[in-house]
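A.B. asks: Pasting a structure below so you can have a look.
The values are calculated or read from the model by the stated rules, or taken from the named source; none is laboratory data. All values derive from a computational prediction rather than experimental measurement. So basically every Cβ, Gly included, is an ideal-geometry build from the backbone, and we count neighbours across all protein chains shown. Ligands, DNA and RNA are stripped out before the accessible areas are found, and what is left, the full protein with its side chains, is counted by its heavy atoms. Shrake-Rupley method; radii C 1.70, N 1.55, O 1.52, S 1.80 Å.
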Amino acid sequence: MHSWVVITTWGQPCSRNCVVKSLPDASPPNASPSKPVEVNLLDNKPLLGIGLKIASVTIFVGMSTLIKAAEGIPLGQLIFFRSFFAMLAILLYAGCRGQLPGVLYTRHGFGHFWRGTIGVAAMSLSFLALTILPLPEAIAINYASPLIAVILSWLILHEVVRLYRWSAVFIGLIGVLIIIWPRMTLFTAGHVGQNEAIGAMAALAGAAMAAVAMLLVRRLVQTERTTTIVIYFSLASSVIALVSLPFGWATPTWPQLAMLIGAGVFGGVAQILLTQSYRHAPMSTIAPFEYTSMLLGLAIGYVIFGDIPTYEMLLGSLIVMGAGGYIIYREHQLAIEPHKVNAPQQQ
């Protein structure tokens, strides 16, 4: 038999095989989109969740590339463009799904407030680290986030994290360190300057904040539409970023403006995919696939900037891919085991 736990209030623990009430991505035919609607169930489709996570990571890497290339733009201005123009993609998505009239309807305003606040803090710290540290160092330190996310999902959401998943997370992290270690100028230089120390602390704090944001999103998807979650985050980020306007914004060149707008649109699309991934799989399952951004970063560095991968990069990449592939294999095996148990026996 399957064991089901019904969740009827926001924020309650969710087990691996739970059934959680959630607002659907499309309004029912006879329901007003601005009022409560009948709810659907959170899916337990780990492979779909993993696929959406990888897609979101891919687009986020493109966004980060554009942000890094827009050199000379103040941090607050970067956050504003990333957040404001992300709403274009979000509103287009909402319109295509018939959710535009009710996109701001929510039953958990405080949940969106905390998700927005934590998310803006994570974004600000990550962007700050990118502007101070070399890209490899910033990426490596940020990879503490999936590990923190798995721990938080186990401690707070009470998600089942089995030994194989713990192992995959740690092995994946080791692979990332193998890739990055030859380029860890923050440590090999023998000393840490003031700016580098600020960048390292910002990256670590941003990774922790991002892990908390993952947890908050996982809770919000139990009762809220994807578009509602993402639009509130973009609104909060845009408003908070405007506070930096009196402190001086730069006048971007046309190429910089194109990169800033593109980064915003990319961020909106990636945020939708990321939020959807939490609807289909536990956070502890999809979090380790954040490591795939390292592989994409290696490819972009080689194709665009002419960076030739080292043996350490290739070895670490294989370890990361192996760890992720093992999670996919184990999730597939766990998904088919109930069907084998319940299958009729041959007489």
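A.B. asks: Please report the net charge: other residues with Cβ closer than 15 Å to the Cβ of Phe233, K and R +1, D and E -1.
C.D. replies: Values: positive: Arg82, Arg115, Arg218, Arg219, Arg225; negative: Glu224.
So the environment of Phe233 carries a net charge of +4.
A.B. asks: Is there a quick way to get the dipole size of the range 46-335? I mean about its Cα centre, with the Cβ of Lys and Arg at +1 and of Asp and Glu at -1; what is the value in debye to the nearest 20? Mind showing how you got there, number by number?
C.D. replies: Working: 14 positive and 9 negative charges, 165 e Å.
My answer is approximately 800 debye.
A.B. asks: Under the 0.36 nm per residue contour assumption, what length would be gained going from the current alpha-carbon distance of Leu155 and Ala299 to full extension?
C.D. replies: Details: separation 144, 0.36 × 144 = 51.84 nm, distance 3.56 nm.
Gain on extension, Leu155 to Ala299, equals 48.3 nm.
A.B. asks: Quantify, in whole percent, the carbon and sulfur part of the accessible surface of the range 56-171 (1.4 Å probe; protein heavy atoms only).
C.D. replies: Working: 3670 of 4830 Å².
Here it works out to 76 percent.
A.B. asks: Also, quick follow-up: Rolling a 1.4 angstrom probe over the protein chains, ignoring ligands and nucleic acids, what is the accessible area of His158 in square angstrom, nearest 10?
C.D. replies: Here the accessible area works out near 100 Å².
A.B. asks: Would you list Thr58, Thr223 from the most to the least accessible area, probe 1.4 Å? Each step should come with its number before you reach the end.
C.D. replies: Details: Thr58 65, Thr223 20 Å².
Greatest to least solvent exposure: Thr58, Thr223.
A.B. asks: Additional query: How would Thr292, Thr285 rank on accessible area, largest to smallest, probe 1.4 Å?
C.D. replies: Details: Thr292 30, Thr285 0 Å².
Result, largest first: Thr292, Thr285.
A.B. asks: Same structure again: State the extension gain, in nm to one decimal, for the chain segment bounded by Leu257 and Phe113, taking 0.36 nm per residue of separation less the distance between their alpha-carbons. Could you put the intermediate results ahead of the total?
C.D. replies: On the way: separation 144, 0.36 × 144 = 51.84 nm, distance 2.92 nm.
Length gained between Leu257 and Phe113: 48.9 nm.
A.B. asks: So if I take the centroid of the Cα atoms in the range 235-281 and the same for the range 41-98, what is the distance between those two points in Å?
C.D. replies: 8 Å
A.B. asks: Heavy-atom accessible area per residue, the range 46-335, 1.4 Å probe: how many Å²? All intermediate terms of the calculation are to be shown ahead of the outcome.
C.D. replies: Details: 12390 Å² over 290 residues.
I get 43 Å² per residue for this part.
A.B. asks: Please work out how much accessible surface Arg162 shows to a 1.4 Å probe, ignoring ligands, DNA and RNA, in Å² rounded to 10.
C.D. replies: Taking all protein chains as shown, Arg162 has close to 90 Å².
A.B. asks: Would you kindly state how much longer the chain becomes between Trp181 and Leu100 on full extension, computed as 0.36 nm times their sequence separation minus their alpha carbon distance, in nm to one decimal? Could the numbers behind the result be given before it?
C.D. replies: Numbers: separation 81, 0.36 × 81 = 29.16 nm, distance 4.70 nm.
Extending this stretch completely gives an extra 24.5 nm.
A.B. asks: Between Ile174 and Leu242, what is the FRET efficiency for a Förster distance of 45 Å, r being their Cβ-Cβ separation, to the nearest 0.05?
C.D. replies: Numbers: r = 42 Å, r/R0 = 0.93.
So, using R0 = 45 Å, E works out to roughly 0.60.
A.B. asks: Round to the nearest 0.05 the FRET efficiency obtained for Ser167 and Leu48 when R0 = 22 Å and r is the Cβ-Cβ distance. Could you put the intermediate results ahead of the total?
C.D. replies: Working: r = 23 Å, r/R0 = 1.06.
That pair, Ser167 with Leu48, gives E of 0.40.
A.B. asks: Of all the accessible heavy-atom surface of the range 201-321, with the other protein chains kept in place and a 1.4 Å probe, what percent is carbon and sulfur?
C.D. replies: Carbon and sulfur: 79 percent of the exposed surface of the range 201-321.
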